[in-house]
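The values are calculated or read from the model by the stated rules, or taken from the named source; none is laboratory data. Just so you know, these numbers come straight off a predicted model, no measurement behind them. Reconstructed Cβ throughout: ideal geometry from the backbone, glycine too, with neighbour counts over all protein chains shown. Protein only, heavy atoms only, side chains kept; ligands, DNA and RNA dropped before computing areas. Shrake-Rupley method; radii C 1.70, N 1.55, O 1.52, S 1.80 Å.
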Amino acid sequence: MKSPFLTMIAEQMYLKRYAKSTIKAYLYWIASFIRFNSMRHPTTMGDNEVGLFLAFLNSFSQPTKCCS
């Protein structure tokens, strides 16, 4: 892992006995959030950035078609 921030997150999750697959998923989404926000540190961001990221992710969702 390259980022000291992500390394710290992973270490804390290991200490709390999170499953490796859960840690991997969390780190993936945290890194995605950071990249989406031009590599800014998460402590410098707030609700607005989270909302924009979630809206971005939502733009990829497709409603399921239901047939009767």
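Among residues of the range 1-12 that are under 17 Å from Ala25 (Cβ atoms) and hydroxyl-bearing (Ser, Thr, Tyr), those with a Cβ under 6 angstrom from a residue that is open to solvent by 40 Å² or more (accessible area, probe 1.4 Å) and outside any helix (DSSP H, G or I), sequence gap 6+ or separate chain, pair up as Thr7/Met1. Among the residues of the range 6-48, those that are within 26 Å of Ser59 (Cβ to Cβ) and of a type in the set (Phe, Trp, Tyr) comprise Tyr26, Tyr28, Trp29, Phe33, Phe36.
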